[in-house]
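Following: one structure in structure tokens, then a few remarks.
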Amino acid sequence: MATTFMTFGRRYVGPGLAAGVLAAGLVACGGGNGDDSDTGSASSGTRVDVTMTDFRLKLSRTTLTAGDYTFVATNDGSHDHALEIEGAGTEDRTRTLEPGESANLTITLKDGTYEVYCPVDDHKDMGMKSELTVGGTSSPNTDTDTGTNGGYGY
């Protein structure tokens with residue numbers, strides 16, 4: 001079957017129409033940013049960075065005021081890690097993160113003391129823990145190391 005094209009002057013309408021339909025289809029199918037992580041939206045609360053290594057855990061802040069916070073946990077270690085926050089009637093955690101992965105944990109914190117740790121295997125006992133105080137004035141963490149290596153020399 002022969003294909004016929006309508007002409008308008010020297011231009012072919014058929015190929016132009018096909019290109020327009022193709023472009024519209026690509027726009028409709030696109031739009032993703034390629035990030036399939038479950039990190040959520042950091043705009044849901046004040047950001048607190050948590051760096052997890054083998055076997056240390058460091059928070060960017062250890063004293064906060066009550067409110068909504070998004071803990072951005074990054075596994076900079078070579079083992080799987082996760083972040084758990086427990087205290088003042090709250091217990092929540094991220095999924096287990098492979099090396100190089102990050103996840104967000106957004107929670108509402110009330111006044112009180114919270115334990116922040118890695119719940120994977122015995123990582124907490126190996127030094128992957130910190131204390132978080134909520135109430136009073138929010139301030140950055142000035143500690144250079146909030147964990148110990150538990151004698152493992154990492």
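Here, each number is a calculation from the coordinates, and none is a lab measurement. Quick caveat: nothing in here was measured; it's all calculated off a predicted structure. Cβ atoms come from the backbone with ideal geometry, glycine included; neighbour counts cover every protein chain shown.
Give me E101, E91 ranked fewest to most by other Cβ atoms within 10 Å of their Cβ, as a rough exposure proxy.
Ascending number of Cβ neighbours within 10 Å: E91, E101.
I need T74, T94 ordered by Cβ neighbour count within 10 Å, fewest first.
Fewest to most other Cβ atoms nearby, the residues stand as T74, T94.
Neighbouring Cβ atoms within 10 Å as the yardstick, rank I85, I107 fewest first. The partial results should precede the final answer.
Working: I85 23, I107 15.
Fewest-to-most Cβ neighbours within 10 Å comes out as I107, I85.
Hey, can you grab everything whose amide H is under 5 Å from the amide H of D49? Only 5+ residues off in sequence or another chain; H modelled, so Pro and N-termini drop out.
S60, R61, V72
With θ set to phi - 60° and the Karplus curve 6.51 cos²θ - 1.76 cosθ + 1.60, what are the ³J(HN,Hα) couplings of the range 45-62 in order, to the nearest whole Hz, using x for Gly and Pro?
Values per residue, Gly and Pro as x: x, 4, 7, 10, 7, 10, 9, 10, 10, 9, 10, 9, 9, 10, 9, 6, 9, 10 Hz.
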